[in-house]
Amino acid sequence: MNSFQYNLARFISFQDKAECERIRQIKKEDITNHPNPDFKIQVIEERDDFYFQFAMDIFTRIVEAREKKESLVLILPVGPVPQYSLVAKMVNQFHIPLDHLHIFNMDEYADEEGNTAPPSWPGSFQKAMWDNFFSLIDPPLRPLEKNIHFPTKEVLPDYAKMIEDLGGADCCYGGVGWCGHIAFWEAHLGFEFGDDLQAFQEAGPRLVELHPMTIMQNALHSFSGDWSWVPPFANTIGPAQIVGAKYRSFWLDGYLGGGVSWQRFIARLAAHGRVNTLVPASILQNFPGTYTLLGGVADNVEIKMA
């Protein structure tokens, strides 16, 4: 293996080859071990159980807040989506009103001028959340529409304050992108901050140009592989909203079957690599939260020719 040496591709933001080689060696049986006991890594082998546990995490918070007569503020990603139909089914079955729930969606696609995708566009995150979650809840039980928020062009300047005015998020849910992004806070944004993690973690919502790896990732799972169809920009929350939440619950399901996972390496780099601004998800290591991997994502990083 060491007889063939080469540099990382130039478009990759994180260029620490030695760190990548170290991370690549982390075996599945060791992946849940982490020096921060409050950063809890777990592996769920079966896909159905993975989404059920994800749904139960959300539903349990909803019920507990309801029983305490408290509001619940959640930051939610648009993907993965299978857990949302399960949450809706449980809400309907147990007849749980969601008028105490405030939802702030992480991001939304935008064009090169910052105009965000409307709910009528098939690829919009607003449409995805309504189709896969909100519309599946019986109308009398749904969250109030005024409590469902997306970072559209109109509200982006006030998005952080809208969350803060409610006391901050009780939990931020999410995943990790191929380039290491959280929400659409892309890897290349780290160049603006260098090694200043404090300033990085204080950065808030903004319009960003998507990283090439994000374009390809989203083309793969949402646009039939058509990279020409993926918008070039997006509005997104910043690290400040993620680390400012009372808790973080991140779920990584990027396994395509047949031993193929696009997320296997970045899951390790984010959870076990050195914390740095060019791998935005790496900051999760410093805060209380859960980090759940589908079994196929946790498998060893190896070269296998299909």
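A short reminder: the numbers here are calculations on the coordinates, not readings from a lab. Everything numeric in this text was worked out from a predicted model, so none of it was measured. Glycine also receives a Cβ, built like all others from the backbone with ideal geometry; neighbour counts cover every protein chain displayed.
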Which loop chymotrypsin sites (Phe, Trp or Tyr not before Pro) in the stretch 1-40, with loop taken from DSSP, have no more than 12 other Cβ atoms within 10 angstrom of their Cβ? 4, 6, 11
Can you pull out the GluC sites (Glu not before Pro) in the stretch 122-220 whose DSSP state is coil and whose Cβ has at most 12 other Cβ atoms within 10 Å? 154
Multiply the residue gap between residue 227 and residue 265 by 0.36 nm, knock off their C-alpha separation, and tell me the result in nm, one decimal place. 11.5 nm
Report, by chain and number, residues whose modeled amide H sits under 5 Å from the one on residue 233, excluding near sequence neighbours (fewer than 5 apart, same chain). 110, 210
Measuring from a point 7 Å past the Cα of residue 127 along Cα-to-C-beta, which residues in the stretch 97-113 have an amide N at less than 13 Å? 109
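Under the rule of -39500 (n - 2.57) per DSSP H run of 4 or more residues, summed and divided by the residues of the chain, what mean residue ellipticity at 222 nm is obtained, to the nearest 500 deg cm²/dmol?
So the calculated ellipticity at 222 nm is -8500 deg cm²/dmol.
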Helix runs (DSSP H) in the chain reaching 20 Å along axis by Cα, Kyte-Doolittle at least -0.5: 47-67
The size of the Cβ-based charge dipole (Lys, Arg +1; Asp, Glu -1) of the chain about the Cα centre, to the nearest 20 debye, is 520 debye
For the stretch 182-306, just say rounded, prolate or oblate: build the C-alpha gyration tensor, square-root its eigenvalues into a ≥ b ≥ c, call rounded for a/c under 1.5, and beyond that prolate if a/b exceeds b/c, oblate if not. oblate
Residues 262, 130 arranged by fewest to most Cβ contacts within 10 Å: 130, 262
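Are any of the pairs 69/146; 69/246; 28/246 more than 21 Å apart by Cα-Cα distance, and if so, which?
Long pairs (Cα-Cα over 21 Å): 28/246.
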Any idea how far the Cα center of the stretch 20-52 sits from the one of the stretch 158-178, in Å? 24 Å
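Of all beta bridges DSSP finds with both residues in the chain, what is the antiparallel percent, to the nearest 5?
Values: 12 of 35 bridges.
Close to 35 percent.
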Need one number: nm distance between label points at residue 112 and residue 93, each 7 Å from Cα along Cα→Cβ, rounded to one decimal. 4.9 nm
So what's the chain giving for Cα Rg divided by 2.2 N^0.38 Å, two decimals? 0.97
